[in-house]
Amino acid sequence: MSSVAVASDTTVRATVEAWMRDFQNRLCAKLEETDGGATFQTDAWDHSQRGGGYTRVIQNGNILEKGGVAFSAVWGEMSAAAAQQLLMPDPSFFATGVSVVMHPRSPRQPIAHMNVRYFEAGNGDAWFGGGLDLTPIYVDEQQARHFHRRIYEVCQRHNPNYYPQFKRWADDYFYLPHRQETRGVGGIFFDRLMVGEDGSFEELFAFVQDVGNLFGAVYSDILLANRTLPFTEQQKQWQLIRRGRYAEFNLAIDRGTRFGLETNGRTESILMSLPPQAEWYYNRQSEPGSPEAATQAWLRKDVDWLN
């Protein structure tokens, strides 16, 4: 597909895009191995201006009911209104990245999200963004702490300020204000790590690579640990409700969804993050003392998962 070639002959763009392509392939192979059943199907697409991507989707697996790993490298010029809404300093842009959302079959397995991305604006500004977070249907405190510990260790290798800063950012970002609850147990989120201002290209790119590489390892560990846990129909119904909350966030709040739609991205790829099934019950309240109520009690900001 010629239009998914490197955007220009610049070393930086070519380097980042090549790593993103390879990362998509490696992550899909890891998740296929973990699932042990289904394989990813690849859908190549062209952007309405220049570039395109590969959306890879896994469905009806042993563990994963639906999941997507999307790579894109697109460039062009967005409308002035879109640039203003997305805080872009210039309407000309180049963007490449990999975005991941996994919806397991079992309510004993958590939904997971990861994104790593690189942007350039027409005025010469360049920055990295990304993060990863976990959305358990039923919070397992030990696994949530392990997840955060692994993220903390990655952050510490690069900058001791990263984990507290980006963990707080995730708490604020992955939050449903209309529900007054976090989407899950959080993780880290960062945006606009400016090349030259927040670190060199090499330093920031190395951090983003480590964040991406962590995801497949730590999430696969959780999936394999929980793969034989039994579940009831009541737990399955609770999963559908929690998936509804996930859909609310992605459709109403998520910046990546908005960026894709505002820049005339491919709708099918943008909305791959939505669960295969979800439900909304009117005024559903968890019974006091129930496992569902215990999970809702964890869905708050500023939980110290390290201590």
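Mind checking the angle between helix 162-173 and the chain's longest principal axis? C-alpha axes, 0 to 90 degrees, to the nearest 10. Once rounded, the angle reads 70 degrees. When the charge dipole of the chain is built from unit charges on Cβ atoms (+1 for Lys and Arg, -1 for Asp and Glu) and taken about the Cα centre, the candidate among Gly212, Ala18, His103 whose Cα reaches farthest toward its positive end is His103.
Each residue, Arg300 and His178, gets one label point 7 Å from its Cα in the Cβ direction; the gap between the two is 2.4 nm. Normalised by the number of residues in the chain, the average gap of Cα pairs under 8 Å and 6 or more apart makes the relative contact order 17 percent.
Counting only aspartates and glutamates at least 8 places from Lys167 when in the same chain, those with an alpha carbon closer than 14 Å to its own are Asp133, Glu153, Asp191, Asp302, Asp304.
Bridgeable lysines around Lys236 (alpha carbons under 18 Å apart, same-chain partners fewer than 8 residues away excluded): Lys66. Mean-square fluctuations from a GNM of the chain, with a 10 angstrom spring cutoff on Cα atoms, peak among Arg149, Arg284, Arg266 at Arg284.
Enter the accessible area per residue of the chain (Å², integer; probe 1.4 Å; all protein chains in place). It would help to have the intermediate numbers written out before the result.
Details: 13520 Å² over 307 residues.
I get 44 Å² per residue for the chain.
Taking each pair of different alpha-carbon atoms in the stretch 87-192 once, compute 1/r for the pair, average those values, and report the inverse of that mean as the Kirkwood hydrodynamic radius in Å to one decimal.
Details: mean 1/r = 0.0661 Å⁻¹.
Mean inverse Cα-Cα distance, inverted, gives 15.1 Å.
With helices as the sole contributors, the chain gives -13000 deg cm²/dmol at 222 nm; each DSSP H run of n ≥ 4 counts as -39500 (n - 2.57), and the sum is divided by every residue.
Ligands, DNA and RNA left out, the accessible area of the chain computed with a 1.4 Å probe is 47% carbon and sulfur. Within the assembled protein chains, the solvent-accessible surface assigned to Arg26 is about 100 Å², based on a 1.4 Å probe. Using the Cβ-Cβ distance between Leu229 and Gln59 with R0 = 22 Å, the FRET efficiency computed as 1/(1 + (r/R0)^6) comes to roughly 0.55.
The values are calculated or read from the model by the stated rules, or taken from the named source; none is laboratory data. From a predicted model like this one, the values you see are computed outputs, not experimental measurements. As a convention, Cβ positions derive from the backbone with ideal geometry for all residues, glycine included, and neighbour counts pool all protein chains shown. Heavy atoms of the whole protein, side chains included, go into the accessibility calculation; ligands, DNA and RNA do not. Shrake-Rupley method; radii C 1.70, N 1.55, O 1.52, S 1.80 Å.
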